[in-house]
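We did not get these values from a lab; they are worked out from the coordinates using the rules stated. A quick note: this is a predicted structure, and the numbers were derived from the prediction, not measured. Using ideal geometry, Cβ is built from the backbone for each residue, glycine included, and neighbour counts are taken over all protein chains shown.
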Amino acid sequence: GPKVLQIPSHQIIDMGQMVTLNCDPVSNHLYFYWYKQILGQQMEFLVNFYNGKVMEKSKLFKDQFSVERPDGSYFTLKIQPTALEDSAVYFCASSPGQGRNTLYFGAGTRLSVL
Amino acid sequence: GQGVEQPAKLMSVEGTFARVNCTYSTSGFNGLSWYQQREGQAPVFLSYVVLDGLKDSGHFSTFLSRSNGYSYLLLTELQIKDSASYLCAVRDRASSGQKLVFGQGTILKVYL
């Protein structure tokens, strides 16, 4: 099936530094998402992105977070500065378009903030 | 507000069946999806339902009752490899951007 790739699979970073998580979504998809999952807990919605803009974001999407997809390349999540509570697995997803409910997920990036 | 609830764990014997339950509350229901997630891997789409009733997809079947805010995923002829976490996710009509709200997932353990 369609594949969403996330790079890197694991990132270790010192608190206060900046980190960028990269996602290569399915090529013809139009909607892009980031979800956060702390170990043993549910996946929680962070943000979605369409046509170059943030459509919806949750309370978890703090001011330190930003997303972009420059020139149709990687869809990125940047955290600047990072905090200890940002440690989690971040899943990227994409979906084809309006009315299509299927989200295709990447394998996640495990972020460890020390 | 929105909420999706699932039991944390479920155990079933190989060759039998397992029913993974999901209850939800939403201000404007707009579809429910089931995903399978193995440890360290991406959630994989299994099924999407928006109308009441049972949707039979072979090894996986899905039931929905909108009036009760209830769905289940039924796995038949269980195999050991069906051991995984099963996630229920609901879309709200009020959401502008197609987001899904996930339950915490049910860890299914299939044993001999």
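Just one of (1) of a type in the set (Lys, Arg); (2) surrounded by fewer than 13 Cβ atoms within 10 Å (Cβ to Cβ); (3) part of a strand (DSSP E or B) fails for residue A:78. It is (2).
For the range B:93-103, the candidate set comprises residues that are surrounded by fewer than 18 Cβ atoms within 10 Å (Cβ to Cβ) and in contact (Cβ under 8 Å) with a residue 24 or more places away in the chain; within that set, the residue that is farthest from residue B:18 (Cα to Cα) is B:94. Here the range A:1-36 is the region considered, the condition is being touching a Phe, Trp or Tyr at 6+ places or on another chain (Cβ under 6 Å) and hydroxyl-bearing (Ser, Thr, Tyr), and the residue that is surrounded by the most Cβ atoms within 10 Å (Cβ to Cβ) is A:35.
Among the residues making up the range B:6-46, a single one is over 21 Å from residue B:78 (Cα atoms), of a type in the set (Val, Ile, Thr) and assigned to a strand (DSSP E or B): B:23. Looking for something surrounded by fewer than 17 Cβ atoms within 10 Å (Cβ to Cβ), part of a strand (DSSP E or B) and hydrophobic (A, V, I, L, M, F, W, C) - is there at least one such residue anywhere in the range A:41-57? Among the residues of the range A:41-57, at least one is surrounded by fewer than 17 Cβ atoms within 10 Å (Cβ to Cβ), part of a strand (DSSP E or B) and hydrophobic (A, V, I, L, M, F, W, C), which makes the answer yes. Would a scan of the range B:63-75 turn up a residue that is at positive phi, in a loop (DSSP other than H, G, I, E, B), in contact with a strand residue (DSSP E or B) (Cβ under 8 Å, 6 or more places away or on another chain) and surrounded by 17 or more Cβ atoms within 10 Å (Cβ to Cβ)? Yes, some residue in the range B:63-75 is at positive phi, in a loop (DSSP other than H, G, I, E, B), in contact with a strand residue (DSSP E or B) (Cβ under 8 Å, 6 or more places away or on another chain) and surrounded by 17 or more Cβ atoms within 10 Å (Cβ to Cβ). Of the candidates A:39, A:111, A:77, A:30, the single residue that is under 10 Å from the mean Cα position of the chain (by Cα) and closer than 27 Å to residue A:1 by Cα is A:77.
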